[in-house]
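Report on one structure; see the data block that follows.
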Amino acid sequence: MAIVLDSTIWIAYVTDEASASACARRVESAEPETYFTPSIVAYEVYRKMLKERGVKAAREVVGHIKARTTMIALTSDGALNAAETSVKEGLSMADAIIYSAARSLNATLVTGDGHFKGKKGVEYL
């Protein structure tokens with residue numbers, strides 16, 4: 001079964017938020033063959049970590065993401081699918097890219113983002 005991890009999972013894991021233990025189970029069992037991360041997630045995580053902890057910590061986290069999951073680049077077809085998803089599902093650009101990527105892989109999206117609560121194919125932590 002394919003799994004897509006979104007930004008909230010990685011951020012909770014590295015910042016030891018309240019949901020960190022549930023996120024840790026997902027992150028620590030991740031393998032690149034079955035776990036995927038859309039490139040926009042790398043952007044979101046890197047940006048947050050860069051602002052809060054500096055470049056070294058930000059690079060370490062993204063390195064961990066790249067080692068544990070397969071990165072998914074946004075293609076032109078992916079962008080069009082995400083735009084359609086945004087309109088249909090009422091999601092922001094980043095959320096639509098993430099959700100659309102998960103749907104294209106028939107993957108479960110694991111997230112702590114309330115915008116995804118109740119959506120098909122989502123595991124909310």
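Go through Thr8, Tyr35, Thr75 and say which Cα lies farthest out towards the positive end of the charge dipole of the chain; charges sit on Cβ, +1 for Lys and Arg, -1 for Asp and Glu. Going by the charge dipole, the pick is Thr8.
Taking 0.36 nm per residue of separation and subtracting the Cα-Cα distance, full extension of the segment from Lys120 to Asn106 would add 4.0 nm.
Under a 5 Å amide H cut-off, with hydrogens placed 1.01 Å from N, Val4 pairs with Phe36, Thr108, Leu109, Val110 among residues at least 5 apart or on other chains. Note on the chain: with charges restricted to the Cβ of Lys and Arg (+1) and Asp and Glu (-1), its dipole about the Cα centre is near 180 debye. Evaluating 6.51 cos²θ - 1.76 cosθ + 1.60 at θ = phi - 60° for every residue in segment 84-100, the Karplus couplings come out as 5, 4, 4, 5, 5, 9, x, 9, 5, 4, 4, 5, 5, 4, 5, 5, 5 Hz, glycine and proline recorded as x. Report summary: the helix-based calculation at 222 nm, which adds -39500 (n - 2.57) for every DSSP H run with n ≥ 4 and divides by the residues of the chain, gives -18000 deg cm²/dmol.
Identify the residues of segment 1-42 with backbone N under 14 Å of a label point that sits 7 angstrom from the Cα of Lys56 along the Cα-to-Cβ direction, or state none. Under 14 Å, as judged by backbone N against the label point of Lys56, lies no residue of segment 1-42. Each of the peptides 67-73, 111-117 was scored by the mean count of other Cβ atoms within 10 Å over its residues; in descending order, highest first, they stand as 111-117, 67-73.
Which of the lysines could a cross-linker bridge to Lys120, judged by Cα under 16 Å and excluding same-chain residues fewer than eight apart? Within the straight-line cut-off, Lys120 pairs with Lys88. Put simply, the amide H of Ile72, placed in the peptide plane, has neighbours under 5 Å in Thr37, Ser39, leaving out anything fewer than 5 places away on its chain.
Three principal axis extents describe the C-alpha atoms of the chain; from largest down they are 37, 27, 25 Å.
No lab work stands behind these numbers, since they all come straight from the coordinates. From a predicted model like this one, the values you see are computed outputs, not experimental measurements. Heads up, the Cβs are rebuilt from the backbone with ideal geometry, glycines too, and the neighbour counts pull from every protein chain shown.
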